[in-house]
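A short worksheet on the structure shown next.
The values are calculated or read from the model by the stated rules, or taken from the named source; none is laboratory data. If you're wondering where the values come from, they're calculated on a predicted model, not measured in any experiment. Methodologically, a virtual Cβ is constructed for each residue, glycine included, from the backbone with ideal geometry; neighbour enumeration extends over all protein chains shown. Note: areas computed on protein heavy atoms with side chains; ligands, DNA, RNA excluded. Shrake-Rupley method; radii C 1.70, N 1.55, O 1.52, S 1.80 Å.
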Amino acid sequence: MSATVDVDNPTPSQRAAAIEQLRDKLSDEVNSYCSDLDIWRFSVARQLDTEKAAVMINAWYEWRKQANVDDLAVAQPDNENPVPCAVRGYGAVADANVTAGIGVDDAQLRLTRTLG
């Protein structure tokens, strides 16, 4: 990708070209896991240097697999996973609706309400 591309304001064709160039360097497994937004973020992080971005995204993907990141229980409105404390700005769980769930001590919830 040309170094003359403004990564803060690329044209749609420049962005698509950068994504395609990086996808060409990745395995099918990594490609199927990553969205275009993921690919773009890593491209921008390495100033559209596809070699450096490929190294970075492959390391990120391996870390996610080794750490089982995708298997972590995350509180969502449609599950019973606990929210240990109110998280400001987390759109899926409104602060006012936080209740002690499975594995969350009620004292921790009282502390969260007190400290806000």
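Only one of the numbered conditions (1) among the β-branched types (V, I, T); (2) within 30 Å of D106 (Cα to Cα); (3) part of a helix (DSSP H, G or I) is not met by V74, and that is (3). On inspection, G89 passes the criterion of being modelled with pLDDT under 65 and open to solvent by 60 Å² or more (accessible area, probe 1.4 Å). Scanning region 26-45 for residues that are within 21 Å of T4 (Cβ to Cβ) and of a type outside the set (S, T, Y) yields a count of 6. The number of residues in region 6-45 being crowded, with 18+ Cβ neighbours inside 10 Å and either in contact with a strand residue (DSSP E or B) (Cβ under 6 Å, 6 or more places away or on another chain) or not in a helix (DSSP H, G or I) (or both) comes to 3.
Scanning region 46-57 for residues being closer than 12 Å to V7 by Cβ and open to solvent by less than 20 Å² (accessible area, probe 1.4 Å) gives a total of 2.
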